[in-house]
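The values are calculated or read from the model by the stated rules, or taken from the named source; none is laboratory data. Being a predicted model, the structure only gives us computed values, none of them experimental. With ideal geometry, Cβ positions are generated from the backbone for all residues, glycine too; neighbour counts draw on all protein chains shown.
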Amino acid sequence: MSSISLQQWEALFIQYLTQHAPTNDASHNISHFTRVWNTCCTINEAEGHKADALILLTASYFHDLVSVPKNSPDRNKASLLSAEKTEQLLTHHFAHYPADKIAGVKHAIHAHSFSAAIATETYEAAILQDADRMEALGAIGIARTFYTAGMLHTQMFHPTDPLAQHRPLNDTTYALDHFQVKLLQLPGKMNTATGKQLATQLAAVLTQFMQQLVQETTGV
């Protein structure tokens, strides 16, 4: 068993990512990884510490190790590529990493992605998936949605019908439509009771934002 503490592993992971992680996507950077880890800790504590903390820590920091653009046809392969690269990294770069935990890390990373549609088979995978999905909700989720829209050169919202009350939803054209197409469905897709509770609270922030935007754009 490794004698390195969680705090020491986290410092090592951050040091590696600072030197090697892609820097062209501010929605999948070290700040994102740290928030996911902190949310994993919150969920794991509330759920009775059922998950292995080192597996959670590792998967939190490396779940987006390979970045694939959201509009790429290979987007659904991103989590598998990240899982495979993380396995190689833990085996060859972090020589003291416990070998018996690598499979758990690999599965958690592979299963975390919404687009991969992989069933979670462990507590670690379930918690990581919940924590990562919560990054799409709340104020952070709003910021990340419109940041991504800017990267993809899509419009922020439909100028006369922002909530798509009289048109089909189209989140490839309008960023705000993504709230209804995907994000507001996330609370019902959470794996843990704690994740569902937190996600429901954060989803309310999106709903409030939508209402405020309609008021400002239409006066209704």
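Descriptive notes on the structure:
- Residue within the range 144-153 that is closer than 17 Å to GLU47 by Cβ and in contact (Cβ under 8 Å) with a residue 40 or more places away in the chain present: no
- Filter result (in a loop (DSSP other than H, G, I, E, B), touching a strand residue (DSSP E or B) at 6+ places or on another chain (Cβ under 7 Å) and either in the same structural domain as ASN29 (by TED's automatic domain parsing) or over 13 Å from PHE209 (Cβ atoms) (or both)) within the range 155-180: HIS158, THR173
- Filter result (crowded, with 16+ Cβ neighbours inside 10 Å and in a helix (DSSP H, G or I)) within the range 181-195: LEU183, LEU184, LEU186, PRO187, THR194, GLY195
- Unmet criterion (only one of (1) modelled with pLDDT of 95 or more; (2) over 22 Å from GLU45 (Cα atoms)) for GLY138: (2)
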